[in-house]
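*Asks:* Before I ask anything, here is the structure I am working with.
Please treat every number below as a calculation from the coordinates, not as lab data. In this text the structure is predicted, and so the values were computed from the model without any measurement. All Cβ positions, even for glycine, are placed from backbone atoms using ideal geometry, and neighbour counts span all protein chains on display.
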Amino acid sequence: MRLIAMEEAFALPDVLARRPLTRTSTSPELIDVWNRRLVDFTEERLPLMDKYGIDVQVLSLTVPGIQGLTDPGEAVAESRRANDFLAEVIARHPDRFKGFAAVPLQDPRAAAAELERAVNVLGLSGALVNDHTGGHYYDEPRFDVFWDKLAELDVPLYLHPGAPPADQWHLLKGRPELVGPVWTWGAETAGHALRLVLGGVFDRHPQARLVLGHMGEGLPFHLARLDSRYACQSDRPLRRKPSAYFGDNVLVTVSGVWSHAALTGAIAELGVDAVMFAVDYPYESTETAVEFLRSAPLAAEDLEKVAHLNAARLLRLN
Ligand code: MN
């Protein structure tokens with residue numbers, strides 16, 4: 001069975017040398033492994049892909065990426081540098097690596113231009129952003145120019161967590177273990193995705209495709225309540241009920257949620273054409289991810305869709 005992994009991180013070596021990962025809540029041994037593997041492509045990454053049967057990793061710049069920058073000019077230059085680096089990595093192993101572009105959404109017009117260059121000149125397959133940019137969420141009208149370009153180029157936007165927090169939540173006071181991938185990343189990214197849906201982004205850009213990781217950041221399990229409570233609102237500007245955009249404009253990957261119950265639930269809510277495989281390398285175990293998928297309680301043809309067919313169609317890889 002062919003395997004395409006959709007959320008696979010890398011770092012620019014000079015950036016990681018200046019700012020290595022240091023999460024205090026993570027074990028130092030894991031941090032060392034992640035710092036090593038983020039900048040490696042051939043010593044550990046490809047051998048692990050070979051060992052566990054991953055045919056293609058779709059690479060993307062790790063957190064916080066361009067969303068960690070505040071100066072628009074620097075964001076534009078760093079996006080170009082990251083995308084050129086990524087294109088060179090892919091050129092050395094074109095059958096094994098594909099990539100999502102970094103985009104400088106500090107300047108939406110420049111982001112649209114860089115996306116066009118990344119797709120048409122460098123051959124990248126879409127864009128990945130680490131949540132909001134400087135507290136700006138992409139339902140704001142200023143980002144319409146970027147959504148237009150995504151739709152025109154027919155490539156997806158992967159909305160990944162991990163921007164520096166836009167504000168402080170009282171909810172988190174005294175509970176630092178909730179911050180990051182344990183809870184806040186999923187909650188923030190799910191909230192951002194709901195802003196896009198409720199803000200009418202997919203009414204204005206019906207061809208646009210958004211990808212959420214981590215089994216859709218929990219949203220597949222909230223759709224029924226979203227619809228029933230949206231129906232109670234006095235103002236309902238959407239053309240469709242909120243859940244209708246999920247599985248159509250909004251697709252998900254399984255990254256880091258190794259639960260067959262969650263997988264079958266997401267497929268039941270979104271349809272089997274809207275769920276794709278991902279590992280979240282190097283933060284997750286390739287072995288665990290592949291074992292999770294291979295042992296999933298799915299019909300053979302559905303397994304093929306999740307493993308590679310849906311991703312290949314979305315990214316036009318075949
Ligand atoms: Mn990730």
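*Asks:* By its C-alpha gyration tensor, with a ≥ b ≥ c as the square roots of the eigenvalues, how is segment 200-277 shaped: rounded for a/c under 1.5, else prolate for a/b larger than b/c, else oblate?
*Replies:* oblate
*Asks:* Take the alpha carbon atoms of segment 229-259, find their center, do the same for segment 198-227, and report the distance between the two centers in whole angstrom.
*Replies:* Answer, in whole Å: 4.
*Asks:* Check L251: other-chain or 5+ apart residues with amide H under 5 Å from its amide H, H built from backbone geometry?
*Replies:* L210, V211, L212
*Asks:* What is the Cα radius of gyration of segment 4-315 over 2.2 N^0.38 Å, N being its residue count?
*Replies:* 0.95
*Asks:* If we count other beta carbons within 10 Å of each Cβ, what is the order of D248, D235, fewest first?
*Replies:* Fewest-to-most Cβ neighbours within 10 Å comes out as D235, D248.
*Asks:* If you wrap a convex hull around the Cα atoms of segment 190-241, how much volume per residue is inside, in Å³?
*Replies:* Residue-normalised Cα hull volume stands at 77 Å³.
*Asks:* In whole Å, what are the extents of segment 36-96 along the principal axes defined by its C-alpha atoms, from largest to smallest?
*Replies:* 42, 20, 16
*Asks:* Now for a different question. Which of rounded, prolate or oblate describes segment 166-314 when judged by the alpha-carbon gyration tensor and an a/c cut-off of 1.5?
*Replies:* Note, shape of segment 166-314 comes out oblate.
*Asks:* While we're on this one: What net charge is computed for the residues neighbouring A151, neighbours being all others with C-beta under 14 Å from the C-beta of A151, Lys and Arg scored +1, Asp and Glu -1?
*Replies:* Within the 14 Å Cβ shell, the charges total -4.
*Asks:* On to the next question. First check a/c for segment 1-144, with a ≥ b ≥ c the square roots of the eigenvalues of its C-alpha gyration tensor; if it is under 1.5, answer rounded, and if not, answer prolate when a/b is larger than b/c or oblate otherwise.
*Replies:* oblate
*Asks:* Among I66, I31, which comes first, then next, by fewest other beta-carbon atoms within 10 Å?
*Replies:* Ordered by Cβ neighbours within 10 Å, fewest first: I31, I66.
*Asks:* Skipping prolines and chain starts, which residues have an amide H placed within reach, meaning under 5 Å, of the one on E8, given they are 5 or more residues away or on another chain?
*Replies:* Sorted by chain and number, the residues that satisfy this are V58, S60.
*Asks:* Okay, next question. Please tell me the relative contact order of the chain in percent, rounded to the nearest whole number, where contacts are Cα pairs under 8 Å and at least six residues apart.
*Replies:* Relative contact order for the chain comes out at 19 percent.
*Asks:* Could you check the simple spin-label distance between L238 and L21, using points 7 Å along Cα→Cβ, in nm with one decimal?
*Replies:* 3.4
*Asks:* How much net charge surrounds T22 when only the other residues with a Cβ under 15 Å from the Cβ of T22 are counted, with Lys and Arg +1 and Asp and Glu -1?
*Replies:* With Lys, Arg at +1 and Asp, Glu at -1, the net is +2.
*Asks:* May I pose another question? Ranking F41, F246 by Cβ neighbours within 10 Å, fewest first, what do you get?
*Replies:* Neighbour counts put them in this order, fewest first: F41, F246.
*Asks:* Most mobile of L178, L196, L150 per a Gaussian network model of the chain (Cα springs, under 10 Å)?
*Replies:* Highest fluctuation among the options: L178.
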